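Asker: Let me give you the structure first, and then I'll get to my questions.
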Amino acid sequence: MHEPALEEIEVSLPDNLMVLTDLDGSLLDHHSYDWQPAAGWLRFLREQRVPVIANTSKTAAELGTLRQELGLTDYPCVVENGGCVLLPPGWRATADPAMDEQGWTRIHLGADYATLRRAVAALREEHGYAFRGFADLGVEGVQQSTGLPLAKAQQAHAREASEPLLWEDSEARLTAFRQALQQQGLSLVRGGRFYHVTGRSSKGVALTWLAGRYHQLHGVQPLTLALGDGANDLPMLATARYGVLIRGADYQPLLPSFMDDPSRLYRTASTGPTGWVEGLDYWLVAGLEHNNE
Ligand SMILES: [Mg+2]
């Protein structure tokens, strides 16, 4: 538990700090989905009115209760690997689409689900690729492959902007599949358990969009700090001013050399929420000042 350290050390945060975080394998433990090690930091950031924005491969339906549990209901969240940004009332601008009944405004940054499904089905038909997407698995198959209880599997299955796939073919054919998707303006990113097919959006595109909205609302650019553990987080970590690459539970994403810059990216020794705390301690308790340009 981190609370004692936060109370003992005087932590002075920049006024324009904005935190974006992956959930699975980062704020949430990869295996148990526990986030208690981060509870002290989450409470402190809420008290300091620092936006903490979940940027996840999860669906909006899956985030339903988790947003409340984590205390993130006042802030935007990004679902399905950057495919859709959900804004609370306080983050709206006049030209935005109408709010839904829960008060959320949806900004779609990628392709819609029907387009993605058609594209992957057509490529499989043409080339005989072996994979199973969520559309193929159905709720029951999602439950089996994730170990989630039924209600959570239903929420995971409610896609709006990305199609997760279990790849059951060779690495070489994965490369060919990826290239074929790219030719149609679609992307393939690796998450914790699945590959995700998305439109032109990414977690990094979503960060840039949210930084623009922050600037529009507050008149200053935010100082962005992003945390994640997977290859799908790299565009977000590369776009943020400060990045935290949390040690992966099962694999380490290959870090492009331009990102291997200790003045912008910190790699944790710990996994999951303990690594999340380690990353915030590194940038925020040690102080951002001596790293500032
Ligand atoms: Mg992750």
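Asker: How large is the Rg to Rh ratio of segment 113-198 when both quantities use alpha carbon positions and Rh follows Kirkwood?
Answerer: Numbers: Rg = 12.5 Å, Rh = 13.1 Å.
That ratio equals 0.96.
Asker: Where is the GNM fluctuation largest for the chain (alpha-carbon springs, 10 angstrom cutoff): L217, L42, L87?
Answerer: Maximum among the listed residues: L217.
Asker: Where the centre of each part is set by its Cα atoms, how far does segment 193-217 sit from segment 222-271, in angstrom?
Answerer: Value for the Cα centre distance between the two parts: 15 Å.
Asker: Tell me which residues come under 5 Å, amide H to amide H, from N55 once H is placed; ignore anything under 5 positions away on its chain.
Answerer: Here T21, D22, L23, V78 satisfy the definition.
Asker: Relative contact order (percent) for the chain, with alpha-carbon contacts under 8 angstrom and 6 or more residues of separation? Display every interim value, and only then the final one.
Answerer: Details: 537 pairs, mean separation 62.8, N = 293.
After rounding, I find 21 percent.
Asker: Please compute the length gained on full extension between E69 and R43, using 0.36 nm multiplied by the number of residues separating them and subtracting their Cα-Cα distance.
Answerer: Values: separation 26, 0.36 × 26 = 9.36 nm, distance 1.15 nm.
Extra length available between E69 and R43 comes to 8.2 nm.
Asker: Sticking with this structure for a sec: Per the 1.4 Å probe, what fraction of the accessible area of segment 113-198, in percent, lies on carbon and sulfur atoms? Spell out each step's value before the answer.
Answerer: Values: 1980 of 4230 Å².
Here it works out to 47 percent.
Asker: Next up: For the pair A151/F258, report the inter-label distance in nm, with labels modelled 7 Å from Cα in the Cβ direction.
Answerer: 4.5
Asker: Each residue of segment 121-129 in order: what ³J(HN,Hα) in whole Hz does its phi give by Karplus 6.51 cos²θ - 1.76 cosθ + 1.60, θ = phi - 60°, with x for Gly and Pro?
Answerer: Coupling constants for segment 121-129: 5, 5, 5, 5, 4, 6, 10, x, 4 Hz.
Asker: Quick one: accessible area per residue over the chain, 1.4 Å probe, rounded to a whole number of Å²?
Answerer: So the chain comes to 45 Å² accessible per residue, rounded to a whole number.
Asker: Suppose each label sits 7 Å from its Cα in the direction of the beta carbon; what would the E160-Q36 distance come out to in nanometres?
Answerer: 3.2
Asker: Continuing with the same structure: Could you bin all the Cα-Cα distances of the chain into 10 Å bins starting at 0 and give me the percent of pairs in each, rounded to whole numbers?
Answerer: For the chain, the binned pair fractions read 6, 29, 36, 22, 7, 1, 0 percent.
The values are calculated or read from the model by the stated rules, or taken from the named source; none is laboratory data. Computed from a predicted model, the values in this text were never measured in an experiment. FYI the Cβ positions are ideal-geometry reconstructions off the backbone, even for glycines, and counts take in every protein chain you see. The accessibility values were calculated without ligands, DNA or RNA, using every heavy atom of the protein model including side chains. Shrake-Rupley method; radii C 1.70, N 1.55, O 1.52, S 1.80 Å.
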